[in-house]
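Working notes for the structure below.
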Amino acid sequence: MRLSCLPLTTFKEVPAEAEVISHQLMLRAGLLRRLASGLFTWMPIGLRVLRKVEQVVREEMDRAGALELLMPAVQPAELWQETGRWDVYGNLLLRMRDRHEREFCFGPTHEEVITDIARRELKSYKQLPVNYYQIQTKFRDEIRPRFGLMRAREFLMKDAYSFHLDQASLNATYEAMAEAYARIFTRLGLGFRPVEADSGEIGGARSQEFHVLAESGEDAIAYCDADQFAANVEMAAALPPDTPRPAAGAAMERVSTPDTRSIADVAGFLGIPAEQCLKTLIVDAEDGGLIALVLRGDHELNTVKATALPGVSSPLSMASPERIQAALSCPPGFIGPVDLSVPVIADHSAAALADFACGANAVDWHLQGVNWGRDLPEPTTADLRNVVAGDPSPAGDGQLAIARGIEVGHIFQLGDKYSRSMQATVLDQAGKDVPMLMGCYGIGVSRIVAAAIEQNHDEHGIIWPEPMAPFQVILIELNPKKSAEVTAAAQAMYESLVTAGIDVLLDDRNARPGVKFADADLLGIPHRLTLGDRGLKAGAIEYRARRTGNEENIELNDVVKFLQTKVLAGAN
RNA sequence: CGGGGCAUGGCGCAGUCUGGUAGCGCAUCUGCUUUGGGAGCAGAGGGUCGGCGGUUCGAAUCCGUCUGCCCCGACCA
């Protein structure tokens with residue numbers, strides 16, 4: 001492609017609407033334009049990136065034996081009513097009516113449609129397993145679209161759905177998809193991690209998310225390199241400390257602590273570390289009463305774990321200050337587990353403390369030197385907290401670290417949820433109708449593009465991983481108006497690169513060198529060739545790698561060969 | 001949906017408090033000079049100041065109302 005034929009407008013300044021770096025850079029580089037909230041136009045160069053990602057996904061899905069098809073974006077309400085999701089899905093579903101007043105939605109996902117296909121097409125166990133996939137535009141009317149492509153309302157997704165006679169077959173395809181996903185993200189040149197995830201409402205046996213690691217990621221991931229453990233922070237178990245509780249060394253003492261409510265205040269006032277304090281949270285109980293959850297001062301409550309506790313109301317709700325005052329005769333901020341009139345559940349780490357400080361259940365008073373078993377009963381213990389860096393790995397070997405990630409893929413086992421409600425059955429060996437088991441496997445194709453930028457950029461712009469770069473090479477022709485020789489040489493070089501099958505962008509615009517260099521950096525094309533009169537005289541062209549900034553001069557005649565080894569080496 | 005912020009040429013902003021008929025930088029167009037990291041000079045085009053209503057002799061500016069966009073929370077590829 002010749003840049004002189006492409007109306008490309010790049011910005012020096014960051015558009016005010018963009019908050020995250022990927023969104024900013026895509027707007028500045030002219031890859032993306034916003035139409036409305038959560039709706040974007042992929043401009044020509046941006047679309048090339050999207051297509052390259054799509055192609056890698058497609059190749060690996062094909063290699064894993066999945067079958068590509070394409071379902072309609074618009075879906076009839078009847079299918080969604082069959083599974084009950086027409087009512088459950090709520091406002092995320094964009095609904096519409098046709099001229100006959102029939103109800104439709106713009107598909108946010110395709111379980112219903114694919115299950116309808118499966119029940120019509122698949123009649124015998126002999127046809128199983130089957131794994132169908134598509135790469136298609138989805139629409140989810142997100143409550144709050146944000147961060148550009150990261151949470152757009154309309155987005156490109158690869159969604160796959162597999163059908164099986166039995167669990168063993170489902171497991172096999174699930175594993176095959178996990179491997180295919182790992183290959184996809186590896187081929188795309190992304191730093192990623194598969195993590196154990198909450199299977200949530202769907203209730204399937206297994207679920208894994210694939211996260212691209214980036215500072216700006218929305219999700220916190222706990223992982224351990226020693227034993228390969230990785231899970232969403234919400235999902236990671238915090239093990240009880242393996243060292244026994246120290247012996248009590250201090251006598252319990254009531255201390256006046258005027259106006260010190262927060263852990264930070266208390267720890268500061270008493271001159272002790274936060275991990276020597278207890279934090280007592282009062283939550284509503286299922287039976288209408290209250291329950292006290294006790295954590296170490298430096299730990300955070302994990303709401304997923306807390307909700308799962310017997311007796312705790314679901315969803316979790318913190319008791320109001322009024323209820324606390326009424327039931328305990330003490331405002332929040334001075335509550336503690338000693339002589340507390342409601343049930344106490346302590347986190348393992350909190351239960352392992354000796355000589356700790358906590359609220360005295362009286363305004364402006366705390367207790368110090370408190371010990372379980374002596375000053376108050378041994379508590380019921382449970383895992384209540386989020387894991388923190390340095391915690392032992394639940395998999396048993398090594399310590400956890402915390403990283404941030406962007407979820408770009410999710411695989412899970414659906415079981416018979418949809419096949420049962422939609423009567424998608426096949427005849428088994430015994431000639432009996434049985435509902436098929438299903439798996440489902442998603443990849444956010446457009447989100448990958450944003451995630452790649454979040455992970456790969458510098459102060460000058462994007463640094464595309466080779467396999468998704470819009471072009472492999474940018475050829476900059478310096479001062480085209482000044483020298484006919486340079487122009488001729490650039491054209492000849494461009495032609496020979498194209499002939500060699502190299503994806504090259506020729507910057508033949510009549511612009512100053514600085515503009516071209518800046519745009520090349522902003523666009524993030526991995527390999528840059530610069531042809532100017534200076535080099536031409538010496539019979540050489542300058543090469544520069546976007547990521548490293550390394551430069552070298554290449555003989556004109558060697559350029560194609562040089563790039564083929566360089567570019568192809570990077571692409572596979 | 002709750003909370004906060006913003007809306008002025010394509011982009012970034014000033015002007016709003018204290019009403020007097022719109023300005024700066026970038027971008028765009030023309031010419032000349034320049035040309036290895038976002039050039040200089042001279043000129044040009046482009047804005048019903050988000051919409052509607054009100055106050056006023058007069059509204060970007062004050063009042064009301066609606067809309068759009070962005071950020072923080074619960075959801076998700």
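The values are calculated or read from the model by the stated rules, or taken from the named source; none is laboratory data. Just so it is clear, the structure is predicted and the values come from calculations on it, not from any experiment. Using ideal geometry, Cβ is built from the backbone for each residue, glycine included, and neighbour counts are taken over all protein chains shown. For the accessible areas, the whole protein counts, side chains as well, though only heavy atoms, and no ligand, DNA or RNA atoms are used. Shrake-Rupley method; radii C 1.70, N 1.55, O 1.52, S 1.80 Å.
Some notes on this structure:
- Residues (surrounded by fewer than 18 Cβ atoms within 10 Å (Cβ to Cβ), at pLDDT 95 or above and of a type in the set (D, E, K, R)) located in the range A:536-550: A:Glu542, A:Arg547
- Cross-chain or 6+ apart pairs with Cβ under 7 Å, the range A:138-161 first and open to solvent by less than 50 Å² (accessible area, probe 1.4 Å) and at pLDDT below 90, then near RNA strand B (Cβ under 6 Å from one of its atoms) and in a loop (DSSP other than H, G, I, E, B): A:Pro145/A:Ser37; A:Pro145/A:Ala152
- Number of positions in the range A:97-134 that are under 10 Å from A:Pro76 (Cα atoms) and open to solvent by 70 Å² or more (accessible area, probe 1.4 Å): 2
- Residue match in the range A:368-383 (condition: open to solvent by 40 Å² or more (accessible area, probe 1.4 Å), of a type in the set (Val, Ile, Thr) and not in a strand (DSSP E or B)): no
- Of all the numbered requirements in (1) surrounded by 13 or more Cβ atoms within 10 Å (Cβ to Cβ); (2) at pLDDT 95 or above; (3) over 30 Å from A:Met1 (Cα atoms), A:Tyr89 misses one, and that requirement is (2).
- Filter pass, A:Gly46 being at positive phi and of a type outside the set (A, V, I, L, M): no
- Helices (runs of 4 or more DSSP H) lying entirely in the range A:37-145 (those with 2 or more residues that are among the acidic types (Asp, Glu) and farther than 15 Å from A:Lys158 by Cβ): A:77-83, A:111-121
- Tallying residues that are of a type outside the set (D, E, K, R), open to solvent by 40 Å² or more (accessible area, probe 1.4 Å) and on the phi < 0 side of the Ramachandran plot within the range A:474-486 yields 1.
- Residue within the range A:204-213 that is of a type outside the set (Lys, Arg), surrounded by fewer than 19 Cβ atoms within 10 Å (Cβ to Cβ) and at pLDDT 95 or above present: no
- Any hit, the range A:171-184, residues being open to solvent by 10 Å² or more (accessible area, probe 1.4 Å), at pLDDT 90 or above, outside any loop (DSSP other than H, G, I, E, B) and within 8 Å of RNA strand B (Cβ to nearest atom): no
- Residue within the range A:456-467 that is farther than 19 Å from A:Val113 by Cα, under 28 Å from the mean Cα position of the chain (by Cα) and surrounded by 24 or more Cβ atoms within 10 Å (Cβ to Cβ) present: yes
- Residues located in the range A:129-148, provided they are more than 22 Å from A:Tyr89 (Cα to Cα) and near RNA strand B (Cβ under 7 Å from one of its atoms): A:Phe147
- Among the residues of the range A:30-62, those identified as surrounded by 15 or more Cβ atoms within 10 Å (Cβ to Cβ) and near RNA strand B (Cβ under 8 Å from one of its atoms) are A:Arg34, A:Gly38.
- Selection count, the range A:1-11, where residues are within 7 Å of RNA strand B (Cβ to nearest atom) and in contact (Cβ under 8 Å) with a residue 40 or more places away in the chain: 1
- Which listed residue is crowded, with 22+ Cβ neighbours inside 10 Å and either near RNA strand B (Cβ under 9 Å from one of its atoms) or assigned by TED's automatic domain parsing to the domain that holds A:Glu13 (or both), from A:Ala520, A:Ala490, A:Ala511: A:Ala520
- Of all residues in the range A:10-29, those that are open to solvent by 10 Å² or more (accessible area, probe 1.4 Å) and either within 13 Å of A:Leu156 (Cα to Cα) or not in a helix (DSSP H, G or I) (or both) total 10.
- Options A:Asp558, A:Asp533: the member that is away from RNA strand B (no atom under 16 Å from the Cβ), outside the structural domain of A:Pro7 (by TED's automatic domain parsing) and either touching a residue at least 40 places away in the same chain (Cβ under 8 Å) or loosely packed, with under 13 Cβ neighbours inside 10 Å (or both): A:Asp558
- Verdict on A:Ala231 being open to solvent by less than 50 Å² (accessible area, probe 1.4 Å) and modelled with pLDDT of 85 or more: yes
- Of the candidates A:Pro240, A:Pro244, the single residue that is open to solvent by less than 80 Å² (accessible area, probe 1.4 Å), assigned to a loop (DSSP other than H, G, I, E, B) and out of contact with any Leu (no Cβ under 6 Å at 6 or more places or on another chain) is A:Pro240.
- One residue from A:Ala274, A:Ala267, A:Ala292, A:Ala222 being surrounded by 14 or more Cβ atoms within 10 Å (Cβ to Cβ) and within 30 Å of A:Ile463 (Cβ to Cβ): A:Ala222
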